[in-house]
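Student: Can you keep this structure in mind? I'll have questions shortly.
No lab work stands behind these numbers, since they all come straight from the coordinates. The structure displayed is predicted, hence computed values, not measured ones. Every residue, glycine among them, receives a Cβ derived from its backbone with ideal geometry; neighbour counts consider all protein chains shown.
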Amino acid sequence: MRKEFVLLSGLFAFSLPAWAEDVDVRAHYTETAVSNLDRMLAVYEAIETDHGQPTGMKLTVCGTITPGDKPVGDAHLYLAAEGGHVAITRQGDCRIAVPEQQSLRAQNPSVMAALSPGETIVFSGQVELPLAPQERLPVSELRKWAHKLDDRISEKAGFIASAFVPDTRKAVIVVGTGTSLSIENGGRSRPLVINKGSESYLYTLDLRSLKPDATLVSDRPISKVSLEVPVPLGEWKR
């Protein structure tokens, strides 16, 4: 995309959700063409495929409107398709949901956003890993996937630019209600979090701070782990 290590050019892909049907653009904001479908899909393909083969990794993109840190759904993003508007956000939600229908891709419609002067949409990403639920998760396994993500980013960035791209280092573990998570190393165990709340808790783990032979241990199977994409996915503005 652009400078500041915005190297995964374009933006975005997911299956179209049920709410992506109606568009309610704010009248006092100006509709602006900010991207197109091909550029968005290219970002997903850069991470989710390797020479046409699935990597198993699934990218989720979130957008924030600045100033104000509002979710991107408040900008009412939609594809200006021939058959009408196709919403790719929901008001109050930061996630992007882009349809992958070949008929839409053939059109390559523009992405429209309702933005006021001075507003910018900034994007970040998380990559869900294809891990089976398990109560013991070696840190070495997470590092292996982090290296795979780094390889995909570096390939997209190119040889020279990749030298300036930071490595993936943060993993996000979903800790269910009533679940405890600890780290085990050298026969010793250190508690990380005990979720006594009524909702799942997202625990962020710095992979560089852990020894390679350490193991995450949970009293219930760890069902979802994601890696934070270490570079910005770009920004859109009027």
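Student: Excluding Glu155 itself, what net charge comes from residues whose Cβ is under 12 Å from its Cβ, given Lys and Arg +1 and Asp and Glu -1?
Tutor: Numbers: positive: Lys148, Arg152, Lys156; negative: Glu45, Asp50, Asp150, Asp151.
Taking every other residue near Glu155 into account, the sum is -1.
Student: Treating the stretch 129-228 as a set of equal point scatterers at the Cα positions, no solvent, please give the Debye-formula log₁₀ I(q)/I(0) at q = 0.11, 0.23 Å⁻¹.
Tutor: The computed values of log10 I(q)/I(0) come out as -0.36, -1.19.
Student: What distance in nm separates the two pseudo spin-label positions at Thr204 and Asp151, each 7 Å out from Cα along the beta-carbon direction?
Tutor: Between Thr204 and Asp151, the label points sit 2.7 nm apart.
Student: State the Cα centre-to-centre distance between the stretch 112-148 and the stretch 178-237 in whole Å.
Tutor: 13 Å
Student: Turning to a different aspect of this structure: Compute the FRET efficiency between Thr177 and Ala106 as 1/(1 + (r/R0)^6), taking r as their Cβ-Cβ distance and R0 = 45 Å, and round to the nearest 0.05.
Tutor: 0.50
Student: Can I ask one more? Collect residues whose amide H, placed 1.01 Å from N in the peptide plane, falls under 5 Å from the amide H of Lys224; neighbours closer than 5 in sequence don't count.
Tutor: Val174
Student: How high is the FRET efficiency from Lys211 to Lys237, r the C-beta distance, R0 45 Å, rounded to 0.05?
Tutor: Values: r = 43 Å, r/R0 = 0.95.
According to the calculation, E is roughly 0.55.
Student: All other residues with a Cβ under 11 Å from the Cβ of Asp206 taken together, and with Lys, Arg as +1 and Asp, Glu as -1, what is their net charge?
Tutor: +2
Student: Place a label point 7 angstrom from the Cα of Asp93 along the Cα-to-Cβ direction, then list the residues of the stretch 45-73 whose backbone nitrogen is under 16 Å away.
Tutor: 59-64, 71-73
Student: Let me ask another. Check each of the GluC sites (Glu not before Pro) in the stretch 100-200 and keep only those in coil by DSSP with at most 15 other C-beta atoms within 10 angstrom; list them in order.
Tutor: Working: sites: Glu100, Glu119, Glu128, Glu135, Glu141, Glu155, Glu184, Glu199; in loops: Glu100, Glu119, Glu199.
The qualifying sites are Glu100, Glu199.
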